[in-house]
């Protein structure tokens, strides 16, 4: 029910007084009363405020417009102002009413082709926005995927937002775009992006999540707080590998040559997926982190064969270091990588990154993205030594309870987990890890 303002605005009071005076005149002056019957009644000018209000539809996905009754101008303003003051804090009642009228937000249907076409031409997109991740995360990780598209009046696509729910009684309730990856968030026109964010915030409010996190490349004007707890390191690649090698300090070049002198070699291709996972799973156990399931990488290889790259460094036939990443718009991101502890004296990880850089240059990739990391930690220092530049990841958040981040080993509340995990036998860690990691966005 709409609540009336407690006091009558000045304009409404003047209309009320004028009406009262006219009523007295009609009772005392029959001529005036007869003139009122014959003189056409003037139409009252329209009010300056919108006489309809957006009301959430119980079916979700869109908003209805409820028409206010014809009231004096001041009363209509009072109703509109009162509704705005009592509306939930996550919705702006009177700002940009055209957004409510011009767009319809719908869930992604079963045909992802148009979605991927929109992502391919949208500014600020990443491989993480592709529709194929919806089935991978749903089938492999057991998450609820809320992929939304903003459609204009004429049926044209104006924006998209991939959103995934990760919920557990142990770690909490999260809406993330996208979990287990480094990028996400809304794409499209600025108006469509804000509308999609409004829908995401409304869903977060409705389902009482602990944190909504949009892992955007650019924060833009989304009217949400921005977390800067993660960075990536970007290195511009020259046209040839020799020029890149000459740009490195002498110490770095020496570290790259060392594994070559020891006979280590790098191999690339889809057939390196299993060897990569063997190294990756063991490295994650040693770090104290649950590993992603092997079926995720199987599905990734099948869904994105032209984008994903697997590479492994060997000593003979023994895999020592491995990486997996994606090429998108002339940029390669090393999304997952690891090396065995016993390979450290051989600097296998140095050869791994150098071999990936050589391969990307050969394929005319111009930017090497080292992937996200926490500023000031050891991984960050390793990535900085290659000469790249730090780029802060501006992840937008909505946190009703004030939560600042998803669960992390950096949080003292979870610091006991990695210490315990490192002591697990590898077969047990590889069996339990995929079940646990799906609860950690």
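The values are calculated or read from the model by the stated rules, or taken from the named source; none is laboratory data. Since we're looking at a predicted model, the values are computed, not measured. Neighbour counts are summed over all protein chains in view; Cβ atoms, including those assigned to glycine, are modelled from backbone coordinates with ideal geometry.
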Filtering the stretch 380-403 for residues that are modelled with pLDDT under 95 and either more than 17 Å from the chain's Cα centre (by Cα) or farther than 29 Å from residue 220 by Cα (or both) leaves a count of 3
Matching residues in the stretch 211-228 - criterion: being assigned to a loop (DSSP other than H, G, I, E, B) and more than 14 Å from residue 183 (Cα to Cα): 220, 221, 222, 223, 224, 225
Does residue 281 satisfy the condition of being modelled with pLDDT of 95 or more and touching a helix residue (DSSP H, G or I) at 6+ places or on another chain (Cβ under 7 Å)? yes
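Can residue 234 be described as in contact with a strand residue (DSSP E or B) (Cβ under 9 Å, 6 or more places away or on another chain) and farther than 18 Å from residue 397 by Cα?
Numbers: in contact with a strand residue (DSSP E or B) (Cβ under 9 Å, 6 or more places away or on another chain): yes; farther than 18 Å from residue 397 by Cα: yes.
So residue 234 fits the description; yes.
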With respect to residue 183, determine if the residue is surrounded by 16 or more Cβ atoms within 10 Å (Cβ to Cβ), in a strand (DSSP E or B) and within 14 Å of the chain's Cα centre (by Cα). no
Would you check if there is a residue in the stretch 251-270 being assigned by TED's automatic domain parsing to the domain that holds residue 354, over 27 Å from residue 388 (Cβ atoms) and not in a helix (DSSP H, G or I)? yes
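Could you tell me whether residue 282 is in contact (Cβ under 8 Å) with a residue 40 or more places away in the chain and not assigned by TED's automatic domain parsing to the domain that holds residue 135?
yes
Can you name every one of the strands (runs of 3 or more DSSP E) wholly within the stretch 340-441 that holds 1 or more residues which are in contact with a helix residue (DSSP H, G or I) (Cβ under 8 Å, 6 or more places away or on another chain) and over 30 Å from residue 241 (Cβ atoms)? Steps first, please.
Details: elements: 367-369, 389-392, 395-398.
Result: 395-398.
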Could you check residue 267 against (1) in contact with a strand residue (DSSP E or B) (Cβ under 8 Å, 6 or more places away or on another chain); (2) within 21 Å of residue 310 (Cα to Cα); (3) surrounded by 17 or more Cβ atoms within 10 Å (Cβ to Cβ) and say which number it fails? (3)
Could you tell me whether any residue of the stretch 108-126 is within 23 Å of residue 406 (Cα to Cα) and surrounded by 22 or more Cβ atoms within 10 Å (Cβ to Cβ)? yes
(1) under 15 Å from the mean Cα position of the chain (by Cα); (2) surrounded by 13 or more Cβ atoms within 10 Å (Cβ to Cβ); (3) in contact (Cβ under 8 Å) with a residue 60 or more places away in the chain: which one isn't true of residue 193, the others all being true? (3)
Residue 252 vs. criteria under 26 Å from residue 375 (Cα atoms) and touching a strand residue (DSSP E or B) at 6+ places or on another chain (Cβ under 9 Å): no
Among the residues in the stretch 230-237, are any touching a helix residue (DSSP H, G or I) at 6+ places or on another chain (Cβ under 6 Å) and either outside the structural domain of residue 191 (by TED's automatic domain parsing) or outside any loop (DSSP other than H, G, I, E, B) (or both)? yes
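Going through the stretch 130-143 one residue at a time, which ones are in contact with a strand residue (DSSP E or B) (Cβ under 6 Å, 6 or more places away or on another chain) and touching a residue at least 12 places away in the same chain (Cβ under 8 Å)? Lay out the reasoning, then the answer.
Taking the stretch 130-143 first, the residues in contact with a strand residue (DSSP E or B) (Cβ under 6 Å, 6 or more places away or on another chain) are 134, 137-138, 143.
Hits for the stretch 130-143 are 134, 137, 143.
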Out of the residues in the stretch 392-403 that are in contact (Cβ under 8 Å) with a residue 24 or more places away in the chain and exposed (fewer than 15 other Cβ atoms within 10 Å of the Cβ), which is farthest from residue 210 (Cα to Cα)? 392
